[in-house]
Amino acid sequence: DDLAQRLTDAVPIAPRGRLMALLQQAVKWQTHTGQLPILMDKCDDENDNDKCDNEDGKKRKKRKRTIAYDLVLGEPMIPSHCLYNKEGALQSGKLIEGVPPERIPSKHSGHIKFGKKSHPECAVFLPDGQGLATGSSDGFIEIWDPKKCKLRTHDMPFQQDDDLMLHDTAVLAINFSRDGEMLATGSSDGMVRVWKIMTGKCLRQFEHAHSEAISCIAFNIDGTKVLTGAHDCLCREFGLRASKMLKEFRGHTSYINTCTYVNEMKIATSAADGTVRIWDAKSSEVKLVIRPGASLTEERSVHSLLFLHTPADTMIAVPRGNKAYLLDHSGDVIRTFESESADKDFVAAVVSPSNKWLYCVTGEDRICLCFDVRTGKVEGRLQLHDECDVKGVVHHPHMGTIATFGVEGKRGGVRVWK
């Protein structure tokens, strides 16, 4: 009893509501940093059915308003007319903090120009949305301000001093850790480097990670491992603490386009051999081989593999062709997304953070189509720059903003659309 009394005196008693407050703050912070998705839903305002008089005195039914509700943060319902004008554009000064919109981009808002002998090979938005990282053909890795389309120097002095992150050869793959602290890059000579984003310092380096060019790279959930795919048809896992290769995944017969951690037990890859493979993360054995849109006469490279949280346990596979496929984790096709013409192949794709929109870029006519994931219908159409050979498209983590990158004439660039 004496020991219990001493502990009671020494341990402070927290208020009853303290735990709920901490949980709410944690959820808001994780949503702000991109660790939790932004899920918005709309419904009709049932209390807005009143009738009003016209100028001629006749009764007319008032237009029904819609209200938006944040499914993650549980924000109060906000009438949509408070956020957007009649043209559907966000009204200045009307954005409610914590409820960012996810609109379909409709206009060009910025351009990042590269040198005459350089062009971006890969790009990714940072989790906080305040930076856009690019890897270029001349080996430079740069962090840009996506709003100003200028090099981010105010809080990254190493970029102002031209002490940039650098590879000896072209940077073909780039990705960030979930906490936004580290950046992993892979180059055409098979080298992997891991950087501290805010200082630009190299934390780890794997000189001979692959015998050929690295085409994709990803962190695991806790940021202790890096997964790579390359032109040598191999997928490998490297431990940052051990500074060595941990596992190797063999089975693809052509170069790998994407690699990702589905969860702690599964790894997924897609390749130019036309297959998507699901691997056991522990044993390195292949568990499932999927051939989305496969034909008997031709194998189409699967250049994009996008895992969704809504609908649950689904993914979108985009092969080089005029169709993209919504699949469940067993490989069955749930829905098909088709381009406007049979000869217009998709060359790049990305899904919005809420998983509501799928953006697919066609190669020849340089058009970005926006599909509704739930219906498969085209809901938006964006004409990209005429002279741009698009290499990829990335989505902002919080807002309805995308960035396309590639070669424009004799030089490269990144264009921001919102």
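Farthest towards the positive end of the charge dipole of segment 100-248, among the residues Ser187, Cys122, Ser215, is the Cα of Cys122, using unit charges on the Cβ of Lys, Arg, Asp and Glu. In the structure shown, the pairs Lys150/Lys410; Lys113/Lys150; Lys147/Lys356; Lys196/Lys418 are assessed against 18 Å; a Cα-Cα span above that value is assigned to Lys150/Lys410; Lys147/Lys356; Lys196/Lys418. Full extension of the chain between Thr8 and Ser106 yields a length gain of 29.1 nm, computed as 0.36 nm times the residue separation minus the alpha carbon distance. Run through segment 329-418 and list the GluC sites (Glu not before Pro) located in a DSSP loop whose Cβ has at most 11 other Cβ atoms within 10 Å. Listed in order of number, the matching sites are Glu364, Glu387. To the nearest 10, the accessible area of Trp195 is 20 Å² with a 1.4 Å probe. Computed from the C-beta positions of Glu379 and Val333, the FRET efficiency with R₀ = 25 Å rounds to 0.75. When Ser254, Ser243 are compared by accessible area of protein heavy atoms, the largest-first order is Ser243, Ser254, using a 1.4 Å probe.
Solvent exposure of segment 134-187 amounts to 44 Å² per residue of accessible area, where only protein heavy atoms count and the probe is 1.4 Å. Between the alpha-carbon centres of segment 246-298 and segment 164-180 there is a gap of 23 Å. So, R0 is 41 Å and r is the distance between the beta-carbons of Glu285 and Met20; what FRET efficiency does that work out to, to 0.05? For R0 = 41 Å, the calculated efficiency reads 0.40. Remark: segment 294-409 is approximated by an ellipsoid whose semi-axes, taken from the C-alpha gyration tensor as √(5λ), come to 21, 18, 12 Å, largest first.
The values are calculated or read from the model by the stated rules, or taken from the named source; none is laboratory data. As the structure is a prediction and not an experimental result, all values here were calculated from the model. For neighbour counting, all protein chains shown are included, and Cβ atoms are generated from backbone atoms with ideal geometry for every residue, glycine included. These area figures cover heavy atoms from the full protein model, side chains too; ligands, DNA and RNA do not enter into them. Shrake-Rupley method; radii C 1.70, N 1.55, O 1.52, S 1.80 Å.
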